[in-house]
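What follows is calculated from the coordinates using simple rules that are stated; it is not laboratory data. These figures come from a predicted structure and were not determined experimentally. Ideal geometry is used to build each Cβ from the backbone, glycine not excepted, and the neighbour counts take in all protein chains shown.
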Amino acid sequence: MDFSNEINNLKQRGLYRELKYFESQQAPYNTILGRKVMVLSSNNYLGLCNDERIKKAVCEAIHKYGVGSGGSRLLSGSFEIHKKLEQKIAQFKFCQDSIIFNNGFMANLGVISAICDKSSVVFCDRLNHASIIDGIRLSGAKLVVYKHCDVLDLEKKIKRYNNGRGLIVTDGVFSMDGDIAPMDDIVSIAEKYGLLTMVDDAHATGVIGKKGRGTSEYFNIKGKIDIEMGTLSKAIGSEGGYVAGKRDMIDFLRNKARSFIYSTAIAPHNVAAAIAGIDIIENEPQRIANLRKNSQYIKEALGLNMRCRSEASSLVDVSGITPIIPIVIGDAEKALNFSSSLLEQGIYIPAVRPPTVPEGESRLRLTVTALHMIEDLKRVADIMRKIL
Ligand SMILES: *Cc1c(COP(=O)(O)O)cnc(C)c1O
């Protein structure tokens, strides 16, 4: 392969990706190449990446357990703190048990490839995260894509392809669009046709639902989604992935999920950070309230229509507002230029281009966190409207 040719090709199409490096901790303000920037693209929704209490919990865990786990979970890398976190996630999610992975990507690969095989059919929203798609491919299952959040199309496809060994999988909050999957309807359809359901709550945990417990709490369908997957790396502020559900399903995953079995266990201090993060989410509901206030403010200030289906339903509830605001530009190069103009004004929102989003849907993915100040958001909205 001629790599330099491939890279030039990407550059010509506006699809070349470049790393930008922060010079201090994840926060509303940071520094890139010596320039102070306001960050409006982080998944640190509740501001927990650098909470002093969590840092302290991490230091204590390092003193007690060291910096690496030294083994895979089933051999010599399980510590009591892993079990403590798994129980805590189960309790937070109102599930019987949970299993943790090194990250959300590995959780999706592990769970889907363990539960599905060549004889399965997986019904997958068109805009699901890449790790879900890769998990389905790895499993060898038949992949059936349905239109984004469209339960009529989903049912049509189920009627056509269901063979009795099926799974419906969807992002809870869509990572690049910020809308919410109609999970109540999806669960009803799954029950009607005898299918398993799985939700990826990477951007829903700590964000939607009265207490930030995610999609099942938002729709009040606790215990009805078979597989509740999520990450510890977004609102929870640490790293790691999890799957929560019924005891037997989790036990099965401990025996069968290859990304769980054949990888060194997540380091104890990251586990400690996640435990401390969930504690804060449970004890400080004002963080979620603030996140919603900021999300709503920026959407209104930008004059964007909210796109969540759930907001049109009887479930109207401020929690239907998510902190992910897609500003769809279309052309990749134009999105890049918009992002550069903002950076010149000290605002950091990188452009998201294909294949992360569909062709022709390049965008700025703006996110707010609980820690942003309304005055700052107002300034950003003014600048953005001017450039647009
Ligand atoms: C971020 C993300 C993941 C992956 O989680 P990591 O812990 O970052 O690996 C999976 N699914 C969705 C929808 C995500 O946004």
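Proximity of backbone amide H atoms, modeled 1.01 Å from N, is registered between T197 and I168, D226, I227 at under 5 Å, excluding neighbours fewer than 5 places apart on the same chain. Our coupling estimate for the stretch 327-336, obtained by passing each phi through the Karplus curve with A = 6.51, B = -1.76, C = 1.60 and θ = phi - 60°, is 10, 7, 9, x, 5, 4, 4, 5, 5, 4 Hz, Gly and Pro reported as x.
The length gained by stretching the chain between K11 and Y29 to full extension, at 0.36 nm per residue less their Cα-Cα distance, is 3.5 nm. May I ask for the net charge around S339, where only other residues with Cβ less than 14 Å from the Cβ of S339 are counted and Lys, Arg are +1 while Asp, Glu are -1? With Lys, Arg at +1 and Asp, Glu at -1, the net is +2.
Which length gain, in nm to one decimal place, applies between Q286 and S341 when the Cα-Cα distance is subtracted from 0.36 nm times their residue separation? Full extension from Q286 to S341 adds 16.4 nm. Percentage of Cα-Cα pair distances in the stretch 1-120 greater than 19 Å, rounded to whole percent? When every Cα pair of the stretch 1-120 is considered, 72 percent fall beyond 19 Å. Look at S119, S295, S233 and count the other Cβ atoms within 10 Å of each Cβ; fewest to most, that gives S119, S233, S295. Under the combined filter of DSSP loop state and at most 16 neighbouring Cβ atoms within 10 Å, the stretch 29-129 retains these trypsin sites (Lys or Arg not before Pro): K118, R126. Entry note: the stretch 178-245 has Rg to Rh equal to 0.98, where both radii use alpha-carbon atoms and Rh is the Kirkwood radius.
Taking amide H atoms as placed 1.01 Å from N in the peptide plane, the amide H of I324 has no partner under 5 Å among residues 5 or more positions away or on other chains. If the segment from E333 to L304 were pulled out straight at 0.36 nm per residue, it would be longer than the present Cα-Cα gap by 8.2 nm.
Here the ratio of the Cα radius of gyration of the chain to 2.2 N^0.38 Å is 0.98.
For trypsin sites (Lys or Arg not before Pro), the sites in the stretch 156-232 that DSSP calls loop and that have at most 14 other Cβ atoms within 10 Å are K210, K211, K222.
Pairwise alpha-carbon distances in the stretch 134-273 exceed 18 Å for 59% of all pairs. Note on V145 and I383: their simple-model spin labels are 3.5 nm apart, each label 7 Å out from Cα toward Cβ. Applying both filters, DSSP loop and at most 12 other Cβ atoms within 10 Å, to the chymotrypsin sites (Phe, Trp or Tyr not before Pro) of the stretch 2-52 gives Y21. Between the stretch 361-377 and the stretch 1-73, what is the separation of their alpha carbon centroids in Å? A separation of 17 Å, based on Cα centres. Checking the table K36/K147; K20/K142; K36/K334; K142/K246 against a 32 Å threshold on Cα-Cα, which pairs fail? As for pairs spanning more than 32 Å Cα to Cα, those are K36/K147; K20/K142. In the chain, the DSSP-assigned H stretches of four residues or longer account for a calculated mean residue ellipticity at 222 nm of -12500 deg cm²/dmol, using -39500 (n - 2.57) per stretch and the full residue count as denominator.
Given in Å, the Rg to one decimal and the Dmax to the nearest whole number for the Cα atoms of the stretch 107-188 are 11.9, 33. Rg/Rh for the stretch 245-287 stands at 1.14; both radii use Cα atoms, and Rh follows the Kirkwood definition.
Among I281, I327, I7, a tally of other beta-carbon atoms within 10 Å of each Cβ gives an order, fewest to most, of I7, I327, I281. Listed values for the stretch 346-353 are Karplus-derived 3J(HN,Hα) couplings in whole Hz (6.51 cos²θ - 1.76 cosθ + 1.60, θ = phi - 60°), namely x, 10, 9, 9, x, 6, 10, 10, and x replaces Gly and Pro. Phi-derived couplings, Karplus 6.51 cos²θ - 1.76 cosθ + 1.60 at θ = phi - 60°, listed residue by residue for the stretch 12-20: 4, 8, x, 10, 6, 10, 10, 7, 10 Hz, with x used for Gly and Pro.
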